[in-house]
Amino acid sequence: MPYLTTGLLDNTAVEGISPSSMFSVNISNDDTSTVAIQIEGFFQSGTTKVKYVEEFFTLAAGTVALKNYYIQYDAFEFQYFVSSEAVEVSAWRKDVTGNHTAALRVVTEEFINF
């Protein structure tokens, strides 16, 4: 089962405003059968990673899921466990108005794969 992570991402506020307030994840199942997907989100608290998102779902063949998560933290990380190599994951940070921030766009090829 492929394991993907964004690694720890910086979201430190500048003049009291965080660059991003939402993390959007687009998951595409290009396989010929239903796949299982688990998403975990963490934020950094001092030297500790704290889990604040844990979601498990299945995705039918040929379908797409869009998930949105609030990221009101200075540092965060998302991890994805997928049951097929044919699953494509892409993720973007968005600002408070819902616009994509230029600071990050992650696609499957850019994730750290363990």
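Some points to look at:
- When residue 46 is tested against the conditions (1) free of Cβ contacts under 8 Å to residues at least 12 places away in the same chain; (2) of a type in the set (Gly, Ala, Ser); (3) within 19 Å of residue 88 (Cα to Cα), the lone failure is (3).
- Qualifying residue in segment 51-67 (condition: exposed (fewer than 14 other Cβ atoms within 10 Å of the Cβ) and within 15 Å of residue 6 (Cα to Cα)): yes
- Residue check for residue 21: touching a residue at least 24 places away in the same chain (Cβ under 8 Å) and out of contact with any strand residue (DSSP E or B) (no Cβ under 8 Å at 6 or more places or on another chain): no
- Any hit, segment 35-43, residues being assigned to a loop (DSSP other than H, G, I, E, B), free of Cβ contacts under 8 Å to residues at least 60 places away in the same chain and surrounded by 14 or more Cβ atoms within 10 Å (Cβ to Cβ): no
- Residues located in segment 45-61, provided they are out of contact with any Asp or Glu (no Cβ under 7 Å at 6 or more places or on another chain) and of a type in the set (A, V, I, L, M): 50, 59, 60
No value in this document is a laboratory result; all are computed from the given coordinates. Keep in mind that what you see is a predicted model, and the values were worked out from it rather than measured. Don't worry about glycine lacking a Cβ; one is built from the backbone with ideal geometry, like all the others, and counts go over all protein chains shown.
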